[in-house]
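The values are calculated or read from the model by the stated rules, or taken from the named source; none is laboratory data. All of these numbers come straight from a predicted model, not from anything done at the bench. Quick reminder, even Gly has a Cβ in these numbers, built from the backbone with ideal geometry, and neighbours come from all protein chains shown. What goes into the accessible areas is simple: the full protein's heavy atoms, side chains included, and nothing from ligands, DNA or RNA. Shrake-Rupley method; radii C 1.70, N 1.55, O 1.52, S 1.80 Å.
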Amino acid sequence: MSEMSFEQMLEESLKTIRNGEVVEGTVIDVKPEEIVLNIGYKSDGIITRNEYTNEANADLTTMVSVGDTIEAKVLKVNDGEGQVVLTYKRLAAERGSKRLEEAFENKEVLTAKVAQVLDGGLCVIMDETRIFIPASLVSDTYEKDLTKYKDTEIEFVISEFNPKRRRIIGDRKQLLVAKKLELQKELFARIKIGDILEGTVKNVTDFGAFIDLGGADGLLHISEMSWGRVESPKKVFNVGDTVRVFIKDINDTKIALSMKFPNENPWNDAAEKFAIGNVIQGRVARMTDFGAFVELAPGVDALLHVSQISREHVEKPSDILKVGQEIEAKIVDFNEEDKKISLSMKALLAPEDSDEAETADVDIDAVADDAE
(Lines give C-alpha, C1' and ligand atoms only; values in the text may rest on other atoms or scores of the structure.)
Protein backbone atom coordinates (compact mmCIF):
# COMPACT_ATOMS: atom_id res chain seq x y z
CA MET A 1 0.00 0.00 0.00
CA SER A 2 1.50 3.30 -1.09
CA GLU A 3 2.00 6.06 1.44
CA MET A 4 -0.05 9.32 1.14
CA SER A 5 1.73 12.55 0.39
CA PHE A 6 1.73 15.37 2.94
CA GLU A 7 -0.76 17.28 0.82
CA GLN A 8 -3.07 14.26 0.71
CA MET A 9 -2.85 13.75 4.46
CA LEU A 10 -3.55 17.45 5.06
CA GLU A 11 -6.58 17.33 2.81
CA GLU A 12 -7.88 14.23 4.55
CA SER A 13 -7.51 15.94 7.95
CA LEU A 14 -9.60 18.94 6.87
CA LYS A 15 -13.35 18.81 7.22
CA THR A 16 -15.73 18.62 4.29
CA ILE A 17 -18.48 21.15 3.78
CA ARG A 18 -21.66 21.37 1.74
CA ASN A 19 -23.81 24.14 0.31
CA GLY A 20 -26.28 25.36 2.94
CA GLU A 21 -24.12 24.25 5.86
CA VAL A 22 -23.46 26.62 8.75
CA VAL A 23 -19.77 27.02 9.53
CA GLU A 24 -17.79 29.00 12.07
CA GLY A 25 -14.62 30.84 11.17
CA THR A 26 -12.05 33.32 12.39
CA VAL A 27 -11.49 36.59 10.55
CA ILE A 28 -7.98 36.57 9.09
CA ASP A 29 -8.38 39.60 6.83
CA VAL A 30 -10.94 42.36 6.34
CA LYS A 31 -11.26 44.92 3.58
CA PRO A 32 -13.91 47.63 3.12
CA GLU A 33 -15.88 45.34 0.79
CA GLU A 34 -14.82 41.82 1.84
CA ILE A 35 -14.17 39.59 4.88
CA VAL A 36 -11.85 36.55 4.73
CA LEU A 37 -12.46 33.70 7.19
CA ASN A 38 -10.42 30.67 8.18
CA ILE A 39 -13.14 28.02 8.40
CA GLY A 40 -10.87 24.98 8.90
CA TYR A 41 -11.26 23.98 5.27
CA LYS A 42 -8.71 23.68 2.50
CA SER A 43 -9.94 27.05 1.19
CA ASP A 44 -10.76 30.24 3.01
CA GLY A 45 -14.29 31.54 3.20
CA ILE A 46 -15.27 34.89 1.69
CA ILE A 47 -18.13 37.14 2.82
CA THR A 48 -18.78 40.07 0.51
CA ARG A 49 -20.28 43.32 1.74
CA ASN A 50 -23.66 42.49 0.19
CA GLU A 51 -23.69 39.17 2.05
CA TYR A 52 -22.76 40.73 5.35
CA THR A 53 -25.11 43.70 5.68
CA ASN A 54 -28.06 45.50 4.09
CA GLU A 55 -26.32 48.81 4.62
CA ALA A 56 -25.27 50.16 1.23
CA ASN A 57 -21.62 51.19 0.82
CA ALA A 58 -20.80 50.05 4.36
CA ASP A 59 -17.09 49.91 5.27
CA LEU A 60 -16.60 46.41 6.69
CA THR A 61 -13.34 47.44 8.39
CA THR A 62 -15.45 49.52 10.79
CA MET A 63 -17.72 46.57 11.54
CA VAL A 64 -15.41 43.57 11.80
CA SER A 65 -11.86 43.06 13.15
CA VAL A 66 -9.21 40.43 12.53
CA GLY A 67 -9.59 37.70 15.15
CA ASP A 68 -13.38 37.98 15.38
CA THR A 69 -15.35 34.74 15.25
CA ILE A 70 -18.28 34.65 12.80
CA GLU A 71 -20.89 32.07 11.96
CA ALA A 72 -21.94 32.01 8.32
CA LYS A 73 -23.79 29.85 5.81
CA VAL A 74 -22.12 28.25 2.78
CA LEU A 75 -23.51 29.52 -0.52
CA LYS A 76 -20.89 27.88 -2.82
CA VAL A 77 -18.15 25.46 -1.87
CA ASN A 78 -16.12 26.66 -4.83
CA ASP A 79 -16.65 29.98 -6.54
CA GLY A 80 -14.50 28.95 -9.49
CA GLU A 81 -11.39 30.42 -7.97
CA GLY A 82 -11.11 27.90 -5.16
CA GLN A 83 -12.77 30.06 -2.49
CA VAL A 84 -15.83 29.28 -0.39
CA VAL A 85 -18.62 31.84 -0.76
CA LEU A 86 -20.36 32.53 2.55
CA THR A 87 -23.27 34.64 3.75
CA TYR A 88 -23.66 36.12 7.18
CA LYS A 89 -26.68 38.25 6.31
CA ARG A 90 -28.93 35.42 5.16
CA LEU A 91 -28.10 33.26 8.16
CA ALA A 92 -28.85 36.19 10.48
CA ALA A 93 -32.11 36.82 8.59
CA GLU A 94 -33.18 33.19 8.97
CA ARG A 95 -32.46 33.27 12.68
CA GLY A 96 -34.03 36.70 12.95
CA SER A 97 -37.14 35.43 11.20
CA LYS A 98 -37.45 32.65 13.75
CA ARG A 99 -36.95 35.16 16.55
CA LEU A 100 -39.64 37.44 15.09
CA GLU A 101 -42.04 34.52 14.69
CA GLU A 102 -41.70 33.81 18.42
CA ALA A 103 -42.19 37.52 19.18
CA PHE A 104 -45.32 37.51 17.00
CA GLU A 105 -46.79 34.49 18.77
CA ASN A 106 -45.96 35.87 22.23
CA LYS A 107 -47.03 39.47 21.40
CA GLU A 108 -43.61 40.58 22.62
CA VAL A 109 -42.72 44.28 22.61
CA LEU A 110 -39.65 44.83 20.44
CA THR A 111 -37.28 47.79 20.13
CA ALA A 112 -35.36 48.73 17.01
CA LYS A 113 -33.88 51.74 15.26
CA VAL A 114 -35.71 53.18 12.25
CA ALA A 115 -33.53 52.45 9.23
CA GLN A 116 -35.69 54.10 6.54
CA VAL A 117 -38.54 56.55 6.28
CA LEU A 118 -40.70 55.59 3.30
CA ASP A 119 -43.70 57.26 1.68
CA GLY A 120 -46.04 54.78 3.32
CA GLY A 121 -44.38 54.22 6.67
CA LEU A 122 -41.19 53.21 8.47
CA CYS A 123 -38.73 50.38 7.98
CA VAL A 124 -36.78 48.84 10.88
CA ILE A 125 -34.24 46.01 10.70
CA MET A 126 -33.77 43.34 13.35
CA ASP A 127 -31.15 40.64 12.80
CA GLU A 128 -30.99 41.60 9.14
CA THR A 129 -34.77 41.12 8.80
CA ARG A 130 -36.79 44.01 7.48
CA ILE A 131 -39.98 44.96 9.30
CA PHE A 132 -42.40 47.45 7.78
CA ILE A 133 -44.54 49.71 9.98
CA PRO A 134 -47.30 51.36 7.90
CA ALA A 135 -47.91 55.08 8.50
CA SER A 136 -51.34 54.24 9.90
CA LEU A 137 -49.70 52.10 12.61
CA VAL A 138 -46.87 54.47 13.53
CA SER A 139 -48.88 56.66 15.88
CA ASP A 140 -52.33 56.93 17.45
CA THR A 141 -52.79 60.28 15.70
CA TYR A 142 -52.30 61.26 12.06
CA GLU A 143 -48.73 62.31 11.29
CA LYS A 144 -48.02 63.80 7.91
CA ASP A 145 -44.25 63.96 8.32
CA LEU A 146 -42.53 60.79 9.55
CA THR A 147 -38.95 61.99 9.02
CA LYS A 148 -38.61 62.82 12.73
CA TYR A 149 -38.42 59.06 13.39
CA LYS A 150 -35.30 58.53 11.25
CA ASP A 151 -32.50 56.88 13.28
CA THR A 152 -34.61 56.88 16.46
CA GLU A 153 -35.40 53.77 18.47
CA ILE A 154 -39.08 52.87 18.67
CA GLU A 155 -41.11 50.16 20.37
CA PHE A 156 -43.57 48.01 18.43
CA VAL A 157 -45.17 44.57 18.21
CA ILE A 158 -45.41 42.24 15.23
CA SER A 159 -49.03 42.33 14.02
CA GLU A 160 -48.54 40.21 10.89
CA PHE A 161 -45.91 37.56 10.16
CA ASN A 162 -45.70 35.99 6.71
CA PRO A 163 -42.03 35.50 5.71
CA LYS A 164 -42.94 33.49 2.62
CA ARG A 165 -44.53 36.61 1.16
CA ARG A 166 -41.82 38.73 2.76
CA ARG A 167 -44.53 40.43 4.74
CA ILE A 168 -43.62 41.22 8.35
CA ILE A 169 -45.69 44.10 9.72
CA GLY A 170 -44.95 46.06 12.88
CA ASP A 171 -47.48 48.03 14.93
CA ARG A 172 -46.53 50.91 17.23
CA LYS A 173 -50.02 52.38 17.44
CA GLN A 174 -51.55 49.68 19.65
CA LEU A 175 -48.83 50.23 22.27
CA LEU A 176 -49.55 53.96 22.35
CA VAL A 177 -53.31 53.35 22.56
CA ALA A 178 -52.87 50.86 25.41
CA LYS A 179 -50.57 53.23 27.28
CA LYS A 180 -52.97 56.14 26.80
CA LEU A 181 -55.91 54.07 28.10
CA GLU A 182 -53.92 53.20 31.21
CA LEU A 183 -52.97 56.84 31.78
CA GLN A 184 -56.58 57.86 31.16
CA LYS A 185 -57.78 55.37 33.75
CA GLU A 186 -55.27 56.71 36.27
CA LEU A 187 -56.21 60.34 35.49
CA PHE A 188 -59.97 59.87 35.91
CA ALA A 189 -59.37 58.00 39.16
CA ARG A 190 -57.75 61.04 40.76
CA ILE A 191 -59.41 64.15 39.26
CA LYS A 192 -62.68 65.86 40.16
CA ILE A 193 -64.56 69.04 39.28
CA GLY A 194 -62.78 72.10 40.61
CA ASP A 195 -59.27 70.61 40.52
CA ILE A 196 -56.56 72.92 39.20
CA LEU A 197 -54.16 71.24 36.77
CA GLU A 198 -51.30 72.07 34.45
CA GLY A 199 -51.57 70.87 30.88
CA THR A 200 -50.01 71.24 27.47
CA VAL A 201 -51.79 72.77 24.48
CA LYS A 202 -52.21 69.93 21.99
CA ASN A 203 -54.36 71.58 19.33
CA VAL A 204 -55.91 75.01 18.74
CA THR A 205 -59.13 75.56 16.80
CA ASP A 206 -61.42 78.52 16.11
CA PHE A 207 -63.72 77.49 18.98
CA GLY A 208 -61.15 76.55 21.61
CA ALA A 209 -58.02 74.62 22.55
CA PHE A 210 -57.49 70.98 23.44
CA ILE A 211 -55.28 70.55 26.48
CA ASP A 212 -53.32 67.36 27.17
CA LEU A 213 -53.73 66.62 30.87
CA GLY A 214 -51.48 63.57 30.85
CA GLY A 215 -53.90 60.75 30.09
CA ALA A 216 -56.80 62.58 28.46
CA ASP A 217 -57.50 65.80 26.58
CA GLY A 218 -59.74 68.51 27.96
CA LEU A 219 -61.51 71.21 25.96
CA LEU A 220 -60.85 74.81 26.89
CA HIS A 221 -63.68 76.61 25.06
CA ILE A 222 -63.07 80.13 23.78
CA SER A 223 -65.67 81.43 26.23
CA GLU A 224 -63.66 79.96 29.14
CA MET A 225 -60.24 81.30 28.18
CA SER A 226 -60.51 84.64 29.93
CA TRP A 227 -62.86 86.85 31.89
CA GLY A 228 -62.32 89.24 29.01
CA ARG A 229 -63.17 88.86 25.36
CA VAL A 230 -61.03 86.49 23.23
CA GLU A 231 -61.32 87.12 19.50
CA SER A 232 -59.39 84.05 18.39
CA PRO A 233 -57.81 81.20 20.39
CA LYS A 234 -55.01 81.06 17.82
CA LYS A 235 -53.93 84.56 18.87
CA VAL A 236 -53.68 83.47 22.50
CA PHE A 237 -52.26 79.92 22.44
CA ASN A 238 -49.63 77.95 20.55
CA VAL A 239 -49.26 74.18 20.40
CA GLY A 240 -46.86 73.15 23.16
CA ASP A 241 -47.75 75.98 25.56
CA THR A 242 -48.10 75.04 29.23
CA VAL A 243 -51.36 76.32 30.74
CA ARG A 244 -52.95 76.35 34.17
CA VAL A 245 -56.63 75.39 34.10
CA PHE A 246 -59.33 74.06 36.36
CA ILE A 247 -61.88 71.34 35.68
CA LYS A 248 -65.31 72.86 35.11
CA ASP A 249 -67.15 69.65 34.25
CA ILE A 250 -66.59 65.92 33.65
CA ASN A 251 -69.01 64.00 31.44
CA ASP A 252 -67.97 60.38 30.92
CA THR A 253 -64.55 60.77 29.21
CA LYS A 254 -65.13 64.41 28.23
CA ILE A 255 -63.48 67.10 30.34
CA ALA A 256 -64.50 70.76 30.15
CA LEU A 257 -61.82 73.19 31.29
CA SER A 258 -61.75 76.85 32.24
CA MET A 259 -59.25 79.61 32.94
CA LYS A 260 -61.90 81.87 34.46
CA PHE A 261 -60.77 81.33 38.04
CA PRO A 262 -63.44 82.52 40.51
CA ASN A 263 -60.95 84.49 42.61
CA GLU A 264 -59.96 86.46 39.48
CA ASN A 265 -63.54 87.40 38.59
CA PRO A 266 -63.41 91.15 37.81
CA TRP A 267 -66.91 91.56 39.27
CA ASN A 268 -65.72 90.49 42.74
CA ASP A 269 -64.95 94.11 43.79
CA ALA A 270 -66.88 95.84 41.03
CA ALA A 271 -69.31 97.54 43.44
CA GLU A 272 -66.45 99.58 44.86
CA LYS A 273 -64.44 100.19 41.71
CA PHE A 274 -67.42 101.03 39.53
CA ALA A 275 -69.70 102.80 42.00
CA ILE A 276 -72.08 105.45 40.65
CA GLY A 277 -70.27 108.76 40.44
CA ASN A 278 -66.80 107.29 39.91
CA VAL A 279 -64.85 108.70 36.98
CA ILE A 280 -63.06 105.91 35.13
CA GLN A 281 -61.02 105.29 32.00
CA GLY A 282 -61.86 102.58 29.49
CA ARG A 283 -61.30 101.40 25.95
CA VAL A 284 -63.97 101.40 23.26
CA ALA A 285 -64.45 97.70 22.49
CA ARG A 286 -67.28 97.79 19.95
CA MET A 287 -70.01 100.08 18.67
CA THR A 288 -73.63 99.99 17.62
CA ASP A 289 -75.89 102.71 16.24
CA PHE A 290 -77.29 103.41 19.72
CA GLY A 291 -74.03 103.48 21.67
CA ALA A 292 -70.53 102.20 22.36
CA PHE A 293 -69.50 99.38 24.67
CA VAL A 294 -66.48 100.34 26.71
CA GLU A 295 -64.18 97.80 28.36
CA LEU A 296 -63.41 98.97 31.90
CA ALA A 297 -61.49 95.78 32.79
CA PRO A 298 -61.15 92.32 31.22
CA GLY A 299 -64.69 90.91 31.45
CA VAL A 300 -66.36 94.19 32.44
CA ASP A 301 -68.04 96.19 29.68
CA ALA A 302 -70.18 99.31 30.15
CA LEU A 303 -72.63 101.01 27.83
CA LEU A 304 -72.00 104.55 26.71
CA HIS A 305 -75.28 105.56 25.08
CA VAL A 306 -75.10 107.81 22.03
CA SER A 307 -77.01 110.48 23.96
CA GLN A 308 -74.30 110.53 26.65
CA ILE A 309 -71.31 111.14 24.40
CA SER A 310 -71.61 114.93 24.01
CA ARG A 311 -73.84 117.91 24.83
CA GLU A 312 -74.33 118.32 21.13
CA HIS A 313 -76.43 115.90 19.12
CA VAL A 314 -74.50 112.83 17.94
CA GLU A 315 -76.05 110.82 15.11
CA LYS A 316 -74.05 107.67 15.80
CA PRO A 317 -71.08 106.84 18.05
CA SER A 318 -68.71 106.16 15.16
CA ASP A 319 -68.97 109.86 14.22
CA ILE A 320 -67.06 110.70 17.41
CA LEU A 321 -65.38 107.54 18.67
CA LYS A 322 -63.17 104.76 17.29
CA VAL A 323 -62.76 101.15 18.41
CA GLY A 324 -59.66 100.92 20.59
CA GLN A 325 -59.86 104.56 21.67
CA GLU A 326 -59.24 105.32 25.35
CA ILE A 327 -61.93 107.50 26.91
CA GLU A 328 -62.79 108.99 30.29
CA ALA A 329 -66.37 108.83 31.52
CA LYS A 330 -68.51 108.96 34.63
CA ILE A 331 -70.48 105.98 35.93
CA VAL A 332 -74.16 106.95 36.03
CA ASP A 333 -75.70 103.54 36.71
CA PHE A 334 -74.49 100.27 38.24
CA ASN A 335 -76.50 97.03 38.41
CA GLU A 336 -74.36 94.32 39.99
CA GLU A 337 -77.04 91.62 39.79
CA ASP A 338 -77.45 91.95 36.03
CA LYS A 339 -73.80 93.01 35.55
CA LYS A 340 -74.74 96.22 33.74
CA ILE A 341 -72.93 99.55 33.95
CA SER A 342 -73.88 102.79 32.20
CA LEU A 343 -71.48 105.61 31.40
CA SER A 344 -71.67 109.25 30.46
CA MET A 345 -69.02 111.45 28.90
CA LYS A 346 -71.50 114.32 28.85
CA ALA A 347 -71.67 114.24 32.64
CA LEU A 348 -68.05 115.33 32.81
CA LEU A 349 -68.84 118.36 30.68
CA ALA A 350 -71.98 119.42 32.58
CA PRO A 351 -71.90 121.54 35.77
CA GLU A 352 -71.28 119.39 38.86
CA ASP A 353 -74.59 120.41 40.40
CA SER A 354 -76.61 119.47 37.33
CA ASP A 355 -78.44 116.16 37.51
CA GLU A 356 -79.68 116.42 33.97
CA ALA A 357 -76.49 115.23 32.34
CA GLU A 358 -76.12 112.27 34.66
CA THR A 359 -79.50 110.86 33.73
CA ALA A 360 -79.77 109.24 30.34
CA ASP A 361 -82.55 110.29 28.00
CA VAL A 362 -83.42 106.62 27.40
CA ASP A 363 -83.86 103.48 29.45
CA ILE A 364 -80.22 102.30 29.56
CA ASP A 365 -81.09 98.80 30.82
CA ALA A 366 -83.60 98.30 28.04
CA VAL A 367 -81.07 99.37 25.41
CA ALA A 368 -78.43 97.06 26.87
CA ASP A 369 -80.92 94.20 26.85
CA ASP A 370 -81.64 94.84 23.19
CA ALA A 371 -77.92 94.84 22.44
CA GLU A 372 -77.50 91.43 24.04
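Which entry in (i) 20, 28, 20, 16, 11, 4, 1, 0; (ii) 28, 55, 16, 0; (iii) 24, 49, 24, 4, 0 is this structure's computed P(r) over Cα pairs in 20 Å bins from 0, in percent?
Among (i) 20, 28, 20, 16, 11, 4, 1, 0; (ii) 28, 55, 16, 0; (iii) 24, 49, 24, 4, 0, the one derived from this structure is (i).
Please work out how much accessible surface Lys273 shows to a 1.4 Å probe, ignoring ligands, DNA and RNA, in Å² rounded to 10.
That residue has around 90 Å² of solvent-accessible surface.
Quick one: which residues, 5 or more positions from Leu257 or on another chain, have an amide H under 5 Å from its amide H? H modelled 1.01 Å from N in the peptide plane, none for Pro or chain starts.
The list, which skips near neighbours in sequence, is Leu219, Leu220, His221, Lys248.
Step through the residues of segment 116-124 one at a time and calculate ³J(HN,Hα) from phi using the Karplus curve (6.51 cos²θ - 1.76 cosθ + 1.60, θ = phi - 60°), rounding each to whole Hz and writing x for Gly and Pro.
Going residue by residue, I get 9, 10, 9, 4, x, x, 10, 10, 10 Hz, with x marking Gly and Pro.
Can you give the extra length, in nm with one decimal, that the chain gains between Glu198 and Met63 once fully stretched, where that is 0.36 nm per residue apart less the Cα-Cα distance? Provide the component values of the computation, followed by the final result.
Numbers: separation 135, 0.36 × 135 = 48.60 nm, distance 4.80 nm.
That works out to 43.8 nm of additional length.
Consider a paramagnetic label point 7 Å from the Cα of Asp29 along Cα→Cβ; state which residues of segment 68-98 have an amide N under 15 Å from it.
Hits in segment 68-98 for Asp29 at 15 Å: 81-85.
May I ask you to derive the relative contact order of segment 146-300, considering only C-alpha pairs under 8 Å and at least 6 residues apart, and to give it as an integer percent?
Numbers: 233 pairs, mean separation 25.9, N = 155.
Averaging sequence separation for qualifying contacts and normalising by length gives 17 percent for segment 146-300.
Rounded, prolate or oblate: pick one for segment 172-255, where a ≥ b ≥ c are the square roots of the eigenvalues of its C-alpha gyration tensor, a/c under 1.5 means rounded, and failing that, prolate if a/b is larger than b/c, else oblate.
oblate
Please list, by residue number, every one of the trypsin sites (Lys or Arg not before Pro) in segment 12-71 that is coil in DSSP and has at most 12 other beta-carbon atoms within 10 Å.
Here the sparse-neighbourhood loop sites are Lys15, Arg18.
List the residues whose amide H sits under 5 Å from the amide H of Gly170, counting only those 5 or more places along or on another chain, with H placed 1.01 Å from N in the peptide plane.
Hits under the 5 Å cutoff: Phe132, Ile133, Ser159.
With just the Cα atoms defining each centre, how far is segment 70-113 from segment 305-340? Give it in Å.
Using only Cα atoms to place each centre, the spacing works out to 84 Å.
In whole Hz and in residue order, list the ³J(HN,Hα) couplings for segment 300-316 that follow from phi through the Karplus curve 6.51 cos²θ - 1.76 cosθ + 1.60, θ = phi - 60°; x for Gly and Pro.
Using θ = phi - 60°, the values come out as 10, 10, 10, 9, 10, 5, 4, 6, 10, 7, 8, 5, 7, 5, 10, 5, 8 Hz.
Kindly report, to the nearest 10 Å², the accessible surface of Ser159 as traced by a 1.4 Å probe over protein heavy atoms only.
50
Using Cα pairs closer than 8 Å and at least 6 residues apart in sequence, work out the relative contact order for segment 9-108, in percent.
Relative contact order for segment 9-108 comes out at 28 percent.
Under 5 Å between amide hydrogens, which residues at least 5 positions from Asp333 or on another chain qualify, with H placed 1.01 Å from N in the peptide plane?
Hits under the 5 Å cutoff: Ser342.
Can you find, among Thr253, Ala92, Gly20, the residue farthest towards the positive end of the dipole of the chain? Put +1 on the C-beta of Lys and Arg, -1 on that of Asp and Glu.
Value: Gly20.
May I ask you to list the GluC sites (Glu not before Pro) in segment 156-232 that are in a DSSP loop and have at most 12 other Cβ atoms within 10 Å of their Cβ?
Counting only loop positions with at most 12 other Cβ atoms within 10 Å, the GluC sites (Glu not before Pro) in segment 156-232 are Glu231.
In the chain, if the dipole is taken from +1 on Lys/Arg beta carbons and -1 on Asp/Glu beta carbons about the Cα centre, which of Pro233, His313, Leu181 is farthest to the positive end?
Projecting each Cα onto the dipole axis, the largest value belongs to Leu181.
To the nearest 20 debye, what is the magnitude of the charge dipole of the chain about its Cα centre, counting +1 on the Cβ of each Lys and Arg and -1 on the Cβ of each Asp and Glu?
In debye, rounded to 20, the chain gives about 1720.
In Å and whole numbers, how far do the C-alpha atoms of segment 134-274 stretch along each principal axis, longest first?
82, 33, 22
Would you kindly find the accessible area of Lys185, with a 1.4 Å probe and non-protein molecules such as ligands, DNA and RNA excluded, rounding to the nearest 10 Å²?
Surface accessible to solvent at Lys185 totals approximately 140 Å².
Show me, for segment 271-282, the HN-Hα J-couplings you get by feeding each phi into the Karplus relation (A = 6.51, B = -1.76, C = 1.60, θ = phi - 60°), rounded to Hz, glycine and proline as x.
4, 7, 5, 10, 5, 4, x, 5, 9, 10, 10, x
Can you give the relative contact order of segment 151-207 as a percent, counting alpha carbon pairs under 8 Å and 6+ residues apart?
22
If you add up the charges near Glu33, with Lys and Arg at +1 and Asp and Glu at -1, over every other residue whose beta carbon is less than 13 angstrom from its beta carbon, what do you get? Let's see the in-between values first.
Working: positive: Lys31, Arg49; negative: Asp29, Glu34, Glu51, Glu55, Asp59.
Charge balance in the 13 Å sphere: -3.
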